[in-house]
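Read the figures in this text as sums done on the coordinates, not as results from a lab. Treat the numbers as computed from the prediction; the structure is a model and nothing was measured. Using ideal geometry, Cβ is built from the backbone for each residue, glycine included, and neighbour counts are taken over all protein chains shown.
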Amino acid sequence: MKALARNMGVAALILFGFAIVGTGLVAVTYSGTKDIIAEAQRAALEASLNQLVPADRYDNRVVEDRIEITAPEWLGTDGPVAVYRARKNGQPVALFATPTAPDGYSGPIQLLVGVYADGSLAGVRVLGHKETPGLGDGIDEKRSPWILAFAGKSLDNPRPDAWKVKKDGGAFDQFTGATITPRAVVKATRKFLEYVKAHREHLFAPPTTVKGQPS
């Protein structure tokens, strides 16, 4: 019995040693790669933003010029939303944010919206959705060019009461057999444009002067 107990104790010590070594290796690996991972994430974000606003239009590090805002009524989510600002020679060029269209047919639709300083849309892209393949997924650029039609639009183009799908008397196309999905995207985009118009001064403020956030 004593030999068995001794052997079990040795085995436990060996396992404990492996656990310590394994934990140390994981910690070392994370420490050595976290900066690489963070940079890759920043590069991926910049690539997405540059789909809407070409990199030669601004000269700041957009992913580092950011604020967070919380405005559920306008942004479609209760949580904070990051807003990234593009500038050239210190002057505002555009901003980007990820509002949510909460009323998609199959659930919330995550958007990436770029707005130029003059209030016109740089463009809209869908970052995530659960819409029905072959119907609502036409909002995805990979499935349809529908989303590209937002570029250049503003609250005055089309007129405010035309920011709806055609079935509702508006200016935007819907999909055959799927009206709820494009309706949700149009509505969310319009509401974000309204938010930008109402809080433009804060959203485009220089980083050193930003204090608090609008509601």
Please give the peptides 112-122, 88-98, 142-152 ranked by average Cβ packing (other Cβ atoms within 10 Å per residue), highest first, as a rough proxy for protection. 112-122, 88-98, 142-152
Output ³J(HN,Hα) for the stretch 90-99: one whole-Hz value per residue in order, computed from phi by the Karplus curve 6.51 cos²θ - 1.76 cosθ + 1.60 with θ = phi - 60°, and x for Gly and Pro. x, 9, x, 10, 6, 9, 10, 8, 10, x
Treat the count of other C-beta atoms within 10 Å as a stand-in for reagent exposure and order Thr181, Thr189, Thr77, Thr70 from fewest to most. Thr70, Thr77, Thr189, Thr181
Rounded to two decimals, the Debye log10 I(q)/I(0) of the stretch 94-175 (Cα scatterers, no solvent) at q = 0.16, 0.18, 0.24 Å⁻¹ is -0.64, -0.81, -1.35
